[in-house]
Amino acid sequence: MLTIRHAQDRGHADHGWLDTWHTFSFSSYYDPAHMGISNLRVINDDRIAPGGGFPTHGHQDMEIVTYVLDGALEHKDSMGNGSVIRPGEVQYMAAGTGVRHSEYNASRTEPAHLLQIWLLPNRTGVAPRYAQETFPAVAKRNRLALLVSPDGRDGSIATHQDALLYGSLPDEGALVTHQLAQHRQGYVHVARGTVRVNGTELGPGDGAHVGAGEQVTLEGVTAGEVLLFDLP
């Protein structure tokens, strides 16, 4: 079973410096039919204007993953981390008992485009933690690369949640598959390009919920970029 979430049906807000689309309820956007899937709570599709960004703010008991598509994001936090995240890199932050951070477009001339993902933790009150890893295009080209997992397998980032997040860059005509276990469900987010998900053509910003135990088939119509969540 495939349930489609079309890009234009998502929540939307344009703050001038930030143009953002919400797959699930977030901030002033509330839709009781779209509160998340399993432990996947947030997929925000953010475009940040040059020099714009989020001033210092706090989080607690949330697993936060940032995936940069274009441009660069400058990050600073209360754990003492300061870094710039670029395409091909994945940033992870366990907010745990509490962390404060800021996020700004690192460029004064070019926009930044990123996905921010929140996962509900499997336990609260953990010590905050930060990680940043590079996943080169070759590792995702016409295959699935595991980006985050509960145990850090296959070079992925370890999180406090039973969620597997894969990234893929399917070329035109390429076929990528993933078998969900009987007790697992999936969510696909098309970041760019056009991809057929189990035979249904989806474009940038579209998503699809895949039923438990099914096979996920990603077929490149044009060169694309896709995130696949394997969830309890």
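The values are calculated or read from the model by the stated rules, or taken from the named source; none is laboratory data. Because the structure is predicted, anything quoted here is derived from the model rather than measured. Backbone-built Cβ (ideal geometry, glycine too); neighbour counts: all protein chains shown.
Odds and ends about this structure:
- Per the conditions (1) within 12 Å of the chain's Cα centre (by Cα); (2) of a type outside the set (G, A, S); (3) surrounded by fewer than 17 Cβ atoms within 10 Å (Cβ to Cβ), the sole criterion not satisfied by Q60 is (1).
- Per-region count, region 197-216, residues more than 19 Å from the chain's Cα centre (by Cα) and on the phi < 0 side of the Ramachandran plot: 6
- Across region 63-91, the qualifying residues are those that are more than 17 Å from the chain's Cα centre (by Cα) and among the acidic types (D, E), and the one among them that is surrounded by the fewest Cβ atoms within 10 Å (Cβ to Cβ) is E74.
- Candidates E110, E133, E103, E89, filtered to the one that is acidic (D, E) and at pLDDT below 95: E103
- Residues satisfying the stated conditions in region 165-190, i.e. part of a loop (DSSP other than H, G, I, E, B), at negative phi and either in contact with a Gly (Cβ under 6 Å, 6 or more places away or on another chain) or not charged (D, E, K, R) (or both): P170, D171, E172, A174, L180, A181, Q182, H183
- Of the residues making up region 113-127, those that are within 23 Å of S38 (Cα to Cα) and modelled with pLDDT of 95 or more are L114, L115, Q116, I117, W118, L119, L120, P121.
- With respect to being within 19 Å of the chain's Cα centre (by Cα) and at pLDDT 95 or above, A94 falls outside the description.
- The condition (being buried (at least 18 other Cβ atoms within 10 Å of the Cβ) and closer than 21 Å to I43 by Cα) is satisfied by just one residue among G211, G203, G207: G207.
- Across region 51-82, the number of residues qualifying as modelled with pLDDT under 95, part of a loop (DSSP other than H, G, I, E, B) and either among the small types (G, A, S) or under 13 Å from H113 (Cα atoms) (or both) comes to 4.
- Test: residue in region 181-199 that is farther than 21 Å from G88 by Cα, among the basic types (K, R) and out of contact with any Leu (no Cβ under 9 Å at 6 or more places or on another chain): no
- The residue that is farthest from L227 (Cα to Cα), among those in region 165-193 that are touching a residue at least 60 places away in the same chain (Cβ under 8 Å) and surrounded by 18 or more Cβ atoms within 10 Å (Cβ to Cβ), is Q185.
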